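The values are calculated or read from the model by the stated rules, or taken from the named source; none is laboratory data. Predicted model only: the values in this text are computed from it and were never measured. Here the Cβ is made from the backbone with ideal geometry for all residues, glycine too, and neighbour counts use every protein chain on show.
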2 protein chains.
Amino acid sequence: MKVLDQITLPVSKELEKFEEYFRSVLKTDIGLLDTVVRYLVSRKGKRIRPLLIFLSANLVGEVNERTFIGATMVELLHTATLVHDDVVDEAQERRGILSINAKWNNKIAVLLGDFLLAKGLLIAIENNEFEFLHVLSEAVKLMSEGELLQIQTSREFETDENRYFEIIYSKTASLISACCEIGCLSVTDDKEMRAKLKEFGKLIGLAFQIRDDIFDYIGKTSIIGKPVGNDIREKKITLPLIYALQKVSDKEAKAIVNIVKSNKKRKDVKEVIDFVIENDGIGSAQATAIDFINKAKRILQEFPNNSARESLLRLADYIVEREK
Amino acid sequence: MKVLDQITLPVSKELEKFEEYFRSVLKTDIGLLDTVVRYLVSRKGKRIRPLLIFLSANLVGEVNERTFIGATMVELLHTATLVHDDVVDEAQERRGILSINAKWNNKIAVLLGDFLLAKGLLIAIENNEFEFLHVLSEAVKLMSEGELLQIQTSREFETDENRYFEIIYSKTASLISACCEIGCLSVTDDKEMRAKLKEFGKLIGLAFQIRDDIFDYIGKTSIIGKPVGNDIREKKITLPLIYALQKVSDKEAKAIVNIVKSNKKRKDVKEVIDFVIENDGIGSAQATAIDFINKAKRILQEFPNNSARESLLRLADYIVEREK
């Protein structure tokens, strides 16, 4: 049995029911929209976010109708951002099939994203889930701010690690943190548990993004689904490079940053990758990710022992151990 | 004094205060985002939507803090859709200056749109304006659905007028209707007044879009800011063409639709425009717009006579009389 299957086991029925619910809310009378939506849901995502919501709910109580509403909201918002991302990155593929912008066009993709966003909001509103909405709007704002901060930082060739953590918190960890918070909120008003789960989500979210950024240096294109060295080509300075730069003289660091600045050739990307590997940028970044995961796991120890906690602990480990 | 200046007179102070408020909520610590936002607000829009909200509020009571919050939400959402529209239409200009996608790029424009959308939601949430949010999410959903329905319709070369009204209600009138509803909601819970103002907004919104679609046939490029015949080139079948097609034999209508289908040359666009003008498509469409405006004005007669009502009556007339 695969690791992820073991992790999902305690909430596998909930995840199945979720798939049905998710499809049912996306039904529409508009023929073209229905065609695009059917195509969109034909390839199921990993559903990591609903999984986190269900597990967080079961950690502190029991999944209920509100948990489903929260999971649907989050997955709608997350899907909306993926569809918009593919437009801005001019990505041709998603989940092994053509992206919406590639199969149709940019216009349809942007409109579909807006529709999914609005649907997510309406579900919250129709069900009077004001607090879910608050948590998620804050995350959506942070996500767009984080992406913009990343663009600014890569233009300035900023190599400060705190700036890096700020970016990955905004663009990735904030939504994962929101998932844990919403799962908790759906079953209890307890403020302490909510704060703890929020922090747990933040820590595993940070580790998740660090692991993703490591793949850009060591992954295989065929497994991670995008070419290795992509971040360097886009002049994104991530943790492995930041740590490697800290290990060398100012002069050498400057030379490497200059290669990233001007890089055009395949050889330039390879030179940066080799530099990072030689200076143990990968190992140091992985150590930081594991640090976050260990902190996250310690938070879980403060919750009662049950099958959801077992799965969350495994999920935390999986985040830094996964190969894609 | 220009017509629009006269119309805005009863709420000119509110509109000034609105500008300040709007800018203040958009302040951000992220340098790049701040630069883009400053550029965005450097050219003020027509602020038709805040105007409608303030006038609707004063029609049934008095503008208050809640009215400002509603106006800010709406303008944020409206601005977000404009920024996204320019991406999907690859528009190079907006309000006489370069569009965000042209001055920066698609990525920054899509992210800025998402940021503005999230900001609009957060303002509602922070101020506990649950009902504003409900009204506006419904409008945002309708707007994306309407645009998608229009794409579908133009692919099918559908020439049914009811389909046309459905599209322009979704993509344009729903938000204008929401403005009138929110203005009312900000000062009173009265359900009857709310329903009447919602209907008023719907009617002037429909007329507004019909007038816009007429410009595509008779406008001057230098005034309306986009080339005449643009809709035909994009295979959009709007009311002037629909009415002209109803006046001729099935055979002739089919021939014209075939020109729209295959049109590539400048001469094709001219032939369709001439056909519409010869068969009084413009006059008939204008008559329908005026019909909507008259119905809208009759609704206003049911409200007490005050300066806001006077302005709304003038605004209704202005919508079908304006030349750009």
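Okay, here's what the table says:
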{"quantity": "Those residues of the range A:117-126 which are at the interface with another protein chain (Cβ under 8 Å from one of its Cβ atoms) and of a type in the set (A, V, I, L, M, F, W, C), in sequence order", "calculated": "A:Leu117, A:Ala118, A:Leu121, A:Leu122, A:Ile125"}
{"quantity": "Verdict on A:Asp114 being acidic (Asp, Glu), crowded, with 22+ Cβ neighbours inside 10 Å and within 11 Å of chain B (Cβ to nearest Cβ)", "calculated": "yes"}
{"quantity": "Test: residue in the range B:60-79 that is closer than 26 Å to B:Asp34 by Cβ, at pLDDT below 90 and either in contact with a helix residue (DSSP H, G or I) (Cβ under 9 Å, 6 or more places away or on another chain) or within 14 Å of chain A (Cβ to nearest Cβ) (or both)", "calculated": "no"}
{"quantity": "Cross-chain or 6+ apart pairs with Cβ under 7 Å, the range B:21-42 first and on the phi < 0 side of the Ramachandran plot, then in a loop (DSSP other than H, G, I, E, B)", "calculated": "B:Asp34/B:Thr28; B:Val36/B:Trp104; B:Val37/B:Leu26; B:Val37/B:Thr28; B:Val41/B:Leu26"}
{"quantity": "Within the range A:1-45, helices (runs of 4 or more DSSP H) holding 2 or more residues that are buried (at least 19 other Cβ atoms within 10 Å of the Cβ) and more than 14 Å from chain B (Cβ to nearest Cβ)", "calculated": "A:3-8, A:12-25"}
{"quantity": "Options B:Ala195, B:Ala173, B:Ala178; residue that is under 21 Å from B:Asn294 (Cβ atoms), small (Gly, Ala, Ser) and in contact (Cβ under 8 Å) with a residue 12 or more places away in the chain", "calculated": "B:Ala173"}
{"quantity": "Unique match (being surrounded by 23 or more Cβ atoms within 10 Å (Cβ to Cβ), of a type in the set (A, V, I, L, M) and touching a residue at least 40 places away in the same chain (Cβ under 8 Å)) among A:Ile218, A:Ile277, A:Ile273, A:Ile210", "calculated": "A:Ile210"}
{"quantity": "Helices (runs of 4 or more DSSP H) enclosed by the range A:239-324 - at least 3 residues per element that are within 22 Å of A:Met193 (Cα to Cα) and basic (Lys, Arg)", "calculated": "A:281-300"}
{"quantity": "Every residue from the range A:258-272 that is over 27 Å from the mean Cα position of the chain (by Cα) and modelled with pLDDT of 90 or more", "calculated": "A:Asn258, A:Ile259, A:Glu271"}
{"quantity": "Leading residue by the ranking (farthest from the chain's Cα centre (by Cα)) among those in the range A:88-99 that are within 26 Å of B:Ile30 (Cβ to Cβ) and not in a helix (DSSP H, G or I)", "calculated": "A:Glu90"}
{"quantity": "So A:Glu129, is it surrounded by fewer than 24 Cβ atoms within 10 Å (Cβ to Cβ), within 8 Å of chain B (Cβ to nearest Cβ), under 28 Å from B:Ala139 (Cβ atoms) and among the acidic types (Asp, Glu)", "calculated": "no"}
{"quantity": "Set B:Ile168, B:Ile151: member being among the β-branched types (Val, Ile, Thr), in contact (Cβ under 8 Å) with a residue 24 or more places away in the chain and in contact with a Leu (Cβ under 9 Å, 6 or more places away or on another chain)", "calculated": "B:Ile168"}
{"quantity": "Among residues of the range B:142-172, those that are within 15 Å of B:Gly205 (Cβ to Cβ), more than 8 Å from chain A (Cβ to nearest Cβ) and not polar (S, T, N, Q), counted", "calculated": "9"}
{"quantity": "Conditions (1) surrounded by fewer than 22 Cβ atoms within 10 Å (Cβ to Cβ); (2) without any contact (Cβ under 8 Å) to a residue 60 or more places away in the chain; number of the one not met by B:Lys103", "calculated": "(2)"}
{"quantity": "Only one of A:Ala102, A:Ala109, A:Ala195, A:Ala139 that is among the small types (Gly, Ala, Ser), within 11 Å of chain B (Cβ to nearest Cβ) and more than 17 Å from the chain's Cα centre (by Cα)", "calculated": "A:Ala109"}
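Listed here are the residues, each with its yes/no results for (1) of a type outside the set (Phe, Trp, Tyr); (2) over 29 Å from A:Ser99 (Cα atoms); (3) surrounded by 15 or more Cβ atoms within 10 Å (Cβ to Cβ).
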position	(1), (2), (3)
A:Asn230	yes, no, yes
A:Pro240	yes, yes, yes
A:Ala253	yes, yes, yes
A:Lys295	yes, yes, yes
A:Ser307	yes, yes, no
